[in-house]
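Undergrad: Structure provided below as structure tokens; questions to follow.
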Amino acid sequence: MIDLTKIDAAPTCRISLKRERYPYFLPLPVSGEGTGDIESISSYLSRQAEQISEGAFGYLTRLQASMLPDGSVKPLHPRYSHTLNGYNLLAVRAAQSVSMASEGKIDGRFLTLTPIEFLCDYHAHGVLRESMVWCPLCWHEDNEKGRSPYQRLYWTLQQTRVCAIHRIKLQDSCTVCGAEKNIFGWFPRLHVCDKCGRVLFHDKPSSQDENFTSHELWLSHAVYALIHKVTKNRIIITSDVVSNALTRILETQKITVLEFSKLVQCDTRMLRRLINKEKRPYLPSILDICYRLDIPPDKLFFDRDILTCSENWKTHPREKYIDMSKLTKRKRTDLLKALQSALTTSATIPIRVSHIASRFNIRTSTIRYNFPEEYSILTARRSAWEKTVWRNQHQARLEKLVEGIFSLARVGVYPSERKLRDLNYMLPSDLRREDVKHLLGAFQDVYKSLWPGGD
């Protein structure tokens, strides 16, 4: 038993509060700097937020407000958080904030796709992912080396589906609850599932993770090598690199653009516009051209000698980039459920396919390519309904026109367009239709003999 009466009272003291502010931006080194495994800026910002126990979105907003005091910084919407790794205004401001906060020790541009901006179109269509993918073996090695598992920049591209180091398929959902992981979410710990809290790199790769094609493996290695070349040598690709590379091929092989397009089964007009610098390159099509030429893009763009031979060029059918969509497994499943629900619903007004596409933040072409059967049924049903509605509206419009003409004629008024419009018999938009004009003109020719002066 402890006798509390024999314990001396604790001496009182005054606690002094230090006014020195805790550093908001910590000197964390960039993981994988100078290699193809370089960290993405969304991952780096998440690790910074994790160190100070703050949400990722709140941390980024405060960092930009302190580093970019121009008053134009707005909170980042979660829907567009994946674009931090791209080259738009959000990525530029995030990169500037990191560079300024590190006092120039970190070049934030190389944590984004800014170095390869001129290899992509303006809006990065078919390039950036909307949710995270990861290699559990890479994250397991990060944990063994004593560093926090981080997201590689080359994982953020849709063309990357296989780990370039371990040659296993990248995972895109938790194996326990099936939840996806946001690229830049509220919870800053990247390697923990936001739904069930499971550590994602504890999942051992299964036999399904090795189920990938040689084309997917080639694309993943090509993107990895391109990121490696750019980050290691600190290269910012210029706008004429694609044109110069294709021109060297034509000069080396001594062929024309038409002959070249026939050999690799590519669109002649697209190639000519790329060579003449009239078209902004589209990364999926550039990678497809490199695959047909049997040469990685980093070798094509940066090597003086073109290490490709026309005997090895591939001539498979033209790529439609169906697989270059943003549909993850979960989004594909949810989208299929929505389409099947629309097919089984007996609504008076058929659902538009475009409304379903906007709900999932995709294009209607994505639905047409991935679900052609459901797309054709829904569009045919909507088209048949619209034809019926248009036919009924057309008949009602002409009946109202004839009623208005007879009403004016009975009281001795010439049926002019102005009278029909002022008395609300017809709308101005209806009077501009060709069928209404012809029918009204026929009646006016009859009544001109009765009203010679006309209106």
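The values are calculated or read from the model by the stated rules, or taken from the named source; none is laboratory data. None of these values were measured; they are calculated from a predicted model. Please note: Cβ atoms are built from the backbone with ideal geometry, for glycine as well, and neighbour counts cover all protein chains shown. These area figures cover heavy atoms from the full protein model, side chains too; ligands, DNA and RNA do not enter into them. Shrake-Rupley method; radii C 1.70, N 1.55, O 1.52, S 1.80 Å.
Undergrad: Run Asn143 past the list (1) open to solvent by 10 Å² or more (accessible area, probe 1.4 Å); (2) in contact (Cβ under 8 Å) with a residue 60 or more places away in the chain and report the number of the one that doesn't hold.
TA: Evaluating Asn143 over (1) open to solvent by 10 Å² or more (accessible area, probe 1.4 Å); (2) in contact (Cβ under 8 Å) with a residue 60 or more places away in the chain leaves (2) as the failure.
Matching residues to (1) within 15 Å of Arg248 (Cβ to Cβ); (2) surrounded by 19 or more Cβ atoms within 10 Å (Cβ to Cβ); (3) in contact with a strand residue (DSSP E or B) (Cβ under 8 Å, 6 or more places away or on another chain):
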{"site": "Asp267", "(1), (2), (3)": "no, no, no"}
{"site": "Met270", "(1), (2), (3)": "no, no, no"}
{"site": "Ser285", "(1), (2), (3)": "no, yes, no"}
{"site": "Tyr291", "(1), (2), (3)": "no, yes, no"}
{"site": "Ser310", "(1), (2), (3)": "yes, no, no"}
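Undergrad: If you take the residues in segment 146-177 that are part of a strand (DSSP E or B) and more than 19 Å from Ser46 (Cα to Cα), which one is most open to solvent (accessible area, probe 1.4 Å)?
TA: Lys169
Undergrad: Kindly list, by first and then second residue, each pair from a residue in segment 90-102 that is of a type outside the set (S, T, N, Q) to a residue that is open to solvent by 60 Å² or more (accessible area, probe 1.4 Å), limited to pairs with Cβ atoms under 6 Å and residues at least 6 apart or on different chains.
TA: Qualifying pairs under 6 Å: Ala95/Arg109.
Undergrad: Moving on to the next point. Using the structure shown, decide if Arg47 is in a helix (DSSP H, G or I), charged (D, E, K, R) and buried (at least 22 other Cβ atoms within 10 Å of the Cβ).
TA: yes
Undergrad: Would you mind telling me which numbered condition in (1) touching a helix residue (DSSP H, G or I) at 6+ places or on another chain (Cβ under 6 Å); (2) open to solvent by 10 Å² or more (accessible area, probe 1.4 Å); (3) of a type in the set (Gly, Ala, Ser); (4) part of a helix (DSSP H, G or I) Ala95 fails?
TA: (2)
Undergrad: Here is a further query. Select, from Ile106, Ile116, the only residue that is part of a helix (DSSP H, G or I) and out of contact with any Gly (no Cβ under 8 Å at 6 or more places or on another chain).
TA: Criteria check complete, one pass: Ile116.
Undergrad: Right, here's the next one. What is the number of the single condition among (1) within 30 Å of Asn244 (Cα to Cα); (2) surrounded by fewer than 22 Cβ atoms within 10 Å (Cβ to Cβ) that Ser81 does not meet?
TA: That leaves (1) as the condition not met.
Undergrad: Can you tell me which residues in segment 381-390 are open to solvent by 60 Å² or more (accessible area, probe 1.4 Å) and modelled with pLDDT of 85 or more?
TA: Arg381, Trp385, Lys387, Thr388, listed by residue number.
Undergrad: Could you tell me which of the residues Thr156, Thr160, Thr114 is under 30 Å from Arg273 (Cα atoms), among the polar types (S, T, N, Q) and either in contact with a Lys or Arg (Cβ under 8 Å, 6 or more places away or on another chain) or at pLDDT below 90 (or both)?
TA: Thr156
Undergrad: How do the pairs read when you match residues in segment 374-393 that are within 23 Å of Leu339 (Cα to Cα) with residues anywhere that are open to solvent by 60 Å² or more (accessible area, probe 1.4 Å) and in a helix (DSSP H, G or I), using Cβ under 6 Å and keeping only pairs 6 or more apart or on different chains?
TA: Tyr375/Arg368
Undergrad: Okay, moving on. Regarding segment 120-135, can at least one residue be identified that is open to solvent by less than 10 Å² (accessible area, probe 1.4 Å), assigned to a strand (DSSP E or B), closer than 23 Å to Pro29 by Cα and not acidic (Asp, Glu)?
TA: So far as segment 120-135 goes, yes, one or more of its residues are open to solvent by less than 10 Å² (accessible area, probe 1.4 Å), assigned to a strand (DSSP E or B), closer than 23 Å to Pro29 by Cα and not acidic (Asp, Glu).
Undergrad: Residues of segment 335-353 being surrounded by fewer than 14 Cβ atoms within 10 Å (Cβ to Cβ) and charged (D, E, K, R), which ones?
TA: Matches in segment 335-353: Lys337 only.
Residue-wise test of (1) more than 26 Å from the chain's Cα centre (by Cα); (2) closer than 19 Å to Val242 by Cβ; (3) modelled with pLDDT under 75.
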| residue | (1), (2), (3) |
| --- | --- |
| Ser285 | no, yes, no |
| Ile289 | no, yes, no |
| Leu293 | yes, yes, no |
| Pro297 | no, yes, no |
| Leu307 | yes, yes, yes |
| Trp313 | yes, yes, no |
| Glu319 | no, yes, yes |
| Asp323 | no, no, yes |
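Undergrad: I need the full set of residues from segment 391-446 which are β-branched (Val, Ile, Thr), part of a loop (DSSP other than H, G, I, E, B) and open to solvent by 90 Å² or more (accessible area, probe 1.4 Å), in order please.
TA: Val411
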